[in-house]
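Participant: Structure incoming, see below.
The values are calculated or read from the model by the stated rules, or taken from the named source; none is laboratory data. Every value quoted in this text rests on a predicted model; they were computed, and no experiment measured them. Every residue, glycine as well, gets a Cβ built from its backbone with ideal geometry; the counts of neighbours run over all protein chains shown. Each accessible area value is taken on the protein alone, full model and side chains, heavy atoms only, with ligands, DNA and RNA left out. Shrake-Rupley method; radii C 1.70, N 1.55, O 1.52, S 1.80 Å.
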Amino acid sequence: MGKPINLVLTAALSFGGVTALLPTFSFAAPTQKSQTGMNGFQLDANAVVPEIVALGIQPQVYKVMPPRLKEQSYVEDQYVLHIILGHLTVDQFTELKSLYGAHSSIQYDAKKNYNLIDFLPRAIQATVNKTFTQTAISGFPLGAVETSEDIKGELWPLEKNGVGFFTNCWGTTIEVLRSLRSDDVAIPYTLSWPSRETADEYFKDDTYSSKTKESALQFGDVLVVSLKSGSDVVIQHTAFIINKSVVFEKTDTMDDDPYRLSLRADVLSKYKQIFEGDEVFKYRHFSSDKEILPSQDALNPNTFFTPEALKILLQTLPEIPINNLSMGCEIGFGGGCDLTTTEIHVINVITNPRTGLGTLNGDPKVLKHFRPL
């Protein structure tokens with residue numbers, strides 16, 4: 001993993017999508033708490049970002065362990081990558097922008113200490129090193145409503161599963177991929193849970209992407225982790241490829257699962273442990289000659305529900321955002337569709353005029369779900 005170091009340095013750390021100069025940031029051995037409460041390991045830059053080293057830059061690469069991640073079940077999930085680039089020449093700045101797709105709006109400043117995040121797509125800048133606090137509305141009160149068997153059947157998925165609001169890995173990957181196809185000042189960013197069934201289709205369909213080999217990975221490709229179950233191979237996780245070693249991912253759906261940069265090798269290691277030989281790793285190449293992944297849309301409650309069911313929903317669960325719902329199939333035990341209802345909200349990624357970085361913009365009630373590490 002790399003050697004532990006004990007040093008104090010001045011570094012431009014980017015947490016919560018905002019770059020802040022943190023003097024006296026201390027990286028310590030993993031068993032010793034640092035001045036900031038974070039531990040870290042320095043990694044070999046040549047192994048992690050050789051394309052940056054090739055530009056004559058001497059990056060410093062760290063695994064940083066924020067306190068909130070120390071309870072993660074897998075050690076592979078207990079860190080975020082931080083890659084410091086330092087001062088750059090104009091030529092190095094231009095080369096880096098091109099290297100990562102020229103999707104960043106950051107401007108050149110000879111005095112600035114840059115980091116890798118500065119050069120990544122705005123949708124990544126806006127979410128990296130944050131978490132998303134999920135919420136849930138129980139559907140149990142629907143069970144006490146007296147109505148016909150048909151209406152009870154219509155409302156059963158809501159009674160059983162309630163309504164959740166959370167984000168996950170493939171929803172995050174989809175929004176980053178969609179953002180690459182937009183030059184708009186404000187890029188729509190959908191917070192939702194595309195169903196497993198939908199995501200499985202999206203990341204297998206040659207309409208949207210093509211197969212690529214591990215040896216040919218490049219910026220913008222996607223790692224797809226699936227599970228073999230009998231004759232089925234079903235999606236479990238995705239990560240956006242930055243280079244052959246580094247990915248951007250949301251590790252899972254829980255409150256302390258971060259949006260982060262991580263090592264691809266650690267993602268593979270984690271899922272090998274989880275699935276014990278039943279894991280499948282594949283890679284997909286997304287390009288401008290393919291169709292863009294579809295956006296997720298809220299259902300129309302007036303056409304999706306019968307009038308009687310809609311009336312009961314509004315009366316029994318008035319807190320449900322009835323115009324911001326999405327339904328999709330989670331794969332149930334033994335297969336089949338477990339119809340799951342989640343909230344869906346569209347916000348925007350805009351450019352912070354002060355920092356030049358992508359930032360989230362939208363309904364404050366929605367944005368409060370995001371927390372910096």
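Participant: Could you work out how far the C-alpha centroid of the range 243-284 sits from that of the range 214-240, in angstrom?
Facilitator: Each part reduced to its Cα centre gives a spacing of 10 Å.
Participant: Give me the 1.4 Å probe accessible area per residue for the chain, excluding ligands and nucleic acids, in Å².
Facilitator: Here the residues of the chain average 45 Å² of exposed surface.
Participant: Still on this structure, please answer the following. What's the local net charge at ILE242, with K and R +1, D and E -1, over the other residues with C-beta under 12 Å away?
Facilitator: Cβ neighbours under 12 Å give a net charge of 0.
Participant: Right, something else. Considering the dipole of the chain built from charges on the beta carbon (Lys and Arg +1, Asp and Glu -1) around the Cα centre, which of HIS345, TYR79, PRO59 is farthest to its positive end?
Facilitator: Most positive-ward Cα: PRO59.
Participant: Another question, then. Quote the charge dipole size of the chain about the Cα centre in Debye, to the nearest 20; the model charges only the Cβ of Lys and Arg (+1) and of Asp and Glu (-1).
Facilitator: Result for the chain is approximately 1500 debye, rounded to the nearest 20.
Participant: Would you be so kind as to identify which of VAL185, VAL90, GLY230 lies farthest towards the positive end of the dipole of the chain, taking Lys and Arg as +1 and Asp and Glu as -1 on Cβ and the Cα centre as origin?
Facilitator: VAL90
Participant: Next up: Whole angstrom only: what separates the Cα centroid of the range 76-148 from the Cα centroid of the range 167-204?
Facilitator: The distance from the Cα centre of the range 76-148 to that of the range 167-204 comes to 14 Å.
Participant: Still on this structure: Give the span of the range 240-373's Cα atoms along each principal axis, as three whole-Å numbers ordered largest to smallest.
Facilitator: Here the spans come out as 54, 51, 36 Å, largest first.
Participant: Excluding THR198 itself, what net charge comes from residues whose Cβ is under 13 Å from its Cβ, given Lys and Arg +1 and Asp and Glu -1?
Facilitator: In short, -4.
Participant: Which order do the peptides 142-151, 39-48 take when ranked by the mean count of other beta-carbon atoms within 10 Å per residue, highest first? Intermediate values should be presented prior to the final figure.
Facilitator: On the way: 142-151: 12.2, 39-48: 18.1.
Ranking the peptides 142-151, 39-48 by packing returns 39-48, 142-151.
Participant: Are any of the pairs LYS63/LYS290; LYS70/LYS112; LYS211/LYS270; LYS250/LYS368 more than 28 Å apart by Cα-Cα distance, and if so, which?
Facilitator: LYS63/LYS290; LYS70/LYS112
Participant: Net charge around ARG371, counting only other residues with Cβ within less than 11 Å of its Cβ (Lys, Arg = +1; Asp, Glu = -1)?
Facilitator: Working: positive: ARG68, LYS130, LYS368; negative: ASP255, ASP256.
Once all neighbours under 11 Å are counted, the net charge is +1.
Participant: Let me ask you something else. If I build a Gaussian network model for the chain, linking alpha-carbon pairs within less than 10 angstrom, which residue out of GLY277, GLY101, GLY356 has the largest mean-square fluctuation?
Facilitator: GLY277
Participant: In whole percent, and with a 1.4 Å probe on the protein chains, what portion of the accessible area of the range 188-309 is carbon and sulfur?
Facilitator: Of all accessible area on the range 188-309, carbon and sulfur atoms account for 45 percent.
Participant: Follow-up. Quick check on the chain: helices-only [θ] at 222 nm, where DSSP H runs of length 4 and up contribute -39,500 (n - 2.57) each and the sum goes over total residues. Nearest 500, please.
Facilitator: -6000 deg cm²/dmol, from helical runs alone.
Participant: Can you list, by residue number, the Cys in the chain that have no neighbouring cysteine C-beta under 4.7 Å?
Facilitator: CYS169 - these cysteines have no disulfide-compatible partner (Cβ-Cβ under 4.7 Å) in the chain.
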